[in-house]
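Written out below as structure tokens is the structure these notes cover.
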Amino acid sequence: MKEYNKVFGFAIIGTGAIASIHAQAIQAVTSAKLLGVYNITPAKAEVFALQYHCKACSSIDDLLKIEELDIVCICTPSGAHLESALKAITAGKHCLIEKPLEVTLDKIDKLIHAAQLNHVIISAVFPSRFYPGNNHLKKAIDAGRFGKMVMGSAYVKWNRSAEYYRSGKWRGTWGLDGGGALMNQAIHVVDILQWCMGPVESVFAYTGNIKHTSIEVEDTAIALLRFTNGALGTIECSTAVYPGTLKRLEIMGTEGTAIVENDNIIQWQFEYPANDDEEIRAASLSNASEGGVSNPLSISYMGHLEQIEDMIQAIRTGRKPLVDEFDGRKSVEIILAIYKSAQIGQPIRLPL
């Protein structure tokens, strides 16, 4: 049913650092209202509720009983998304789930099945899809402006301190983090890379634990990719380098090149110019944010805001959200293939 004047009720499960980004985004959306929050540690929920003027709930079941609740944001550790999301989905609530959707394909498939069974929308949080630079890039690709795709490369070379990994027992673990620099930090550019370049046919990878030797997972990874369209690509990521650089995406074809740095276009050149090329180049000014290079919270909530607005519109109209459940699955599958390749020292073909 179309409810164009409805204010959608939101709740948040988990009060870690990213939950504040969700809360700020919800409060900035005119058709959204934050109603409740739950954390396994009640005191943390109380503090969060006071800060963001909502109800602290003693259990997920109590949270799901809040009147006028429509959408639940899952902000728990990555490997703990399934249990919380399944409860919300079974209760008929739509779910906006922080990246990654979950840390195994089996868990993701359980979420997808439950959402289909209960006729609700689930969406993986990938705010980079909503920034203008990446949208210009996607439109140019869909219009064929790059000619035949040649190369697609993504880079996230950041710095994280030992204190970052000590800040939560789940950080740097296979069970709850699902991986290291690739699964936690670089997954955003993995998503944009496959969104732009299309499906990945095979990967070959190396991973290392160079600086953060106390964690279970990798702090550095390099992967070679072959896309199904014949193009080649690379992914390089790390949390071990000092001081770190802005995330970077390079898309190159036989008739054009675009480079996007921190979601802003820094190169936009085509063999056959279009009328709006100069306007796109002029509008791509440097972002004041460092984009999480050394501080995970040095990010804007604007991408989350636009994703929330997109999800609300999807619910109102009955269409799919821009980032649907299958999009959320694709990036995880690529990353798991990279981990498998690094483990056995052989190329891995997709799908897994």
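Considering only the stretch 266-317, how many residues are over 27 Å from Cys73 (Cα atoms), among the aliphatic types (A, V, I, L, M) and modelled with pLDDT of 85 or more?
Residues flagged as over 27 Å from Cys73 (Cα atoms), among the aliphatic types (A, V, I, L, M) and modelled with pLDDT of 85 or more within the stretch 266-317 amount to 4.
Kindly establish whether Ala342 is surrounded by 18 or more Cβ atoms within 10 Å (Cβ to Cβ) and more than 30 Å from Val7 (Cβ to Cβ).
yes
Does Ala23 meet the test of being modelled with pLDDT of 95 or more, touching a Lys or Arg at 6+ places or on another chain (Cβ under 8 Å) and within 23 Å of Trp170 (Cβ to Cβ)? Walk me through it before giving the result.
Working: modelled with pLDDT of 95 or more: yes; touching a Lys or Arg at 6+ places or on another chain (Cβ under 8 Å): no; within 23 Å of Trp170 (Cβ to Cβ): yes.
So Ala23 does not fit the description; no.
If you go through the stretch 334-352 one residue at a time, how many are in contact (Cβ under 8 Å) with a residue 24 or more places away in the chain, assigned to a helix (DSSP H, G or I), within 16 Å of Leu105 (Cα to Cα) and out of contact with any helix residue (DSSP H, G or I) (no Cβ under 6 Å at 6 or more places or on another chain)?
4
Go through the stretch 222-235 and give me each residue that's touching a residue at least 40 places away in the same chain (Cβ under 8 Å) and part of a strand (DSSP E or B).
Ala223, Leu225, Phe227, Leu232, Gly233, Thr234, Ile235
Counting just the residues of the stretch 156-184 that are surrounded by fewer than 24 Cβ atoms within 10 Å (Cβ to Cβ) and within 15 Å of the chain's Cα centre (by Cα), which one comes out nearest to Thr76 (Cα to Cα)?
Asp177
Residue under question is Lys148, and the condition is that it be touching a helix residue (DSSP H, G or I) at 6+ places or on another chain (Cβ under 8 Å) and of a type in the set (Lys, Arg); does it hold?
Against the criterion (touching a helix residue (DSSP H, G or I) at 6+ places or on another chain (Cβ under 8 Å) and of a type in the set (Lys, Arg)), Lys148 does not qualify.
Any idea which residue in the stretch 311-332 is farthest from Ile26 (Cα to Cα), counting only those that are surrounded by fewer than 17 Cβ atoms within 10 Å (Cβ to Cβ) and of a type outside the set (Ser, Thr, Tyr)? Explain how you work it out, then say what you get.
First, pick out the residues of the stretch 311-332 that are surrounded by fewer than 17 Cβ atoms within 10 Å (Cβ to Cβ): 313, 316-320, 326.
Then drop every residue that is not of a type outside the set (Ser, Thr, Tyr), which leaves 313, 316, 318-320, 326.
Numbers: Gln313: 14, Arg316: 17, Gly318: 21, Arg319: 21, Lys320: 20, Phe326: 24 Å.
Here the answer is Phe326.
Taking the condition of being buried (at least 22 other Cβ atoms within 10 Å of the Cβ) and in contact with a Leu (Cβ under 7 Å, 6 or more places away or on another chain), how many residues in the stretch 18-34 meet it?
So the count comes out to 3.
Quick one: in the stretch 236-252, which of the residues that are in a loop (DSSP other than H, G, I, E, B) and not aliphatic (A, V, I, L, M) is surrounded by the fewest Cβ atoms within 10 Å (Cβ to Cβ)? It would help to see each step written out before you state the result.
Taking the stretch 236-252 as the starting set, the residues that turn out to be in a loop (DSSP other than H, G, I, E, B) are 239, 241-247.
Now drop any that are not not aliphatic (A, V, I, L, M), which leaves 239, 242-245, 247.
Working: Thr239: 29, Tyr242: 8, Pro243: 10, Gly244: 20, Thr245: 17, Lys247: 24.
Checking each candidate, the answer is Tyr242.
Quickly run through the stretch 1-17 and pick out the residues that are buried (at least 21 other Cβ atoms within 10 Å of the Cβ) and either more than 24 Å from the chain's Cα centre (by Cα) or not in a loop (DSSP other than H, G, I, E, B) (or both).
Scanning the stretch 1-17 gives Phe8, Phe10, Ala11, Ile12, Ile13.
Tally time: how many residues in the stretch 151-194 are free of Cβ contacts under 8 Å to residues at least 24 places away in the same chain, part of a loop (DSSP other than H, G, I, E, B) and of a type in the set (Lys, Arg)?
1
May I ask you to list the residues in the stretch 293-339 that are β-branched (Val, Ile, Thr) and more than 18 Å from Phe10 (Cα to Cα)?
Those that are β-branched (Val, Ile, Thr) and more than 18 Å from Phe10 (Cα to Cα): Val293, Ile299, Thr317, Val323, Val332, Ile334, Ile335, Ile338.
The values are calculated or read from the model by the stated rules, or taken from the named source; none is laboratory data. All values reported here derive from a predicted model rather than from experimental measurement. All Cβ positions, even for glycine, are placed from backbone atoms using ideal geometry, and neighbour counts span all protein chains on display.
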